[in-house]
């Protein structure tokens, strides 16, 4: 097993990770990589299991490196949450403390999970946002070093207050989505349920092994309406709103009808997007998922049990 962290060698976090790995994961190798070249060099070792020790951005980088190398099917992937948001880890129910996460990893079982890929070849693990969701990510990045997880609601408030909405055409599985062409506040599609460090349950129907994406489209509205919408996003009750379109989809295309918009994939922001298409890659990679007893989120355990019964 290879564990890749983007924290500096000799840091307190890396020392904690090494100690936990030595205790729980016999023979695991821990390396620090600070750039894409270092990641590529680490992957040259040919380890059968590769673990990202970091946040959604670190897992995003690993997934894209394996996709480019054509190695998604030949390697098993795991995660030790050490980021600011850790949204995909929350969907899987991974413990968010390093020692507990490493212990859970030692007992985890491999399971096929989905990925999302766009027509530029970029892979997304957790969620894609266009419009105010991506604008929020950009704003939060400015505050992350100072505020940590609080940067997500701060970024959302700043972006939400300033947003004018974007005129976008959205086609899901060949059918134009209701509200398409109007000014939209946000378009999101995801494998995972959470964004913003778990602050929002934007995708309540998402599951990373369902074979579909969870698509949410929100129309633009006044300031008071946006505040109420933000509250419902936190609770996961926004799909009941008349101005929200929510559905599963296998393919989603978005075209800007006016000015280009920004897009965020697992927190990586791209500017000036005019048209893009995403599709699901069912069971694209094998991921180490914790045993039910190791999962940190009782609600996640309950939802998983309900899906199994259905």
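Using Cβ contacts closer than 10 Å as the measure, can you line up 129, 60 from fewest to most?
Result, fewest neighbours first: 60, 129.
Largest first and in whole Å, give the semi-axes of the range 30-89's equivalent ellipsoid, each being the square root of 5 times a Cα gyration tensor eigenvalue.
18, 13, 10
No lab work stands behind these numbers, since they all come straight from the coordinates. Everything numeric in this text was worked out from a predicted model, so none of it was measured. Quick reminder, even Gly has a Cβ in these numbers, built from the backbone with ideal geometry, and neighbours come from all protein chains shown.
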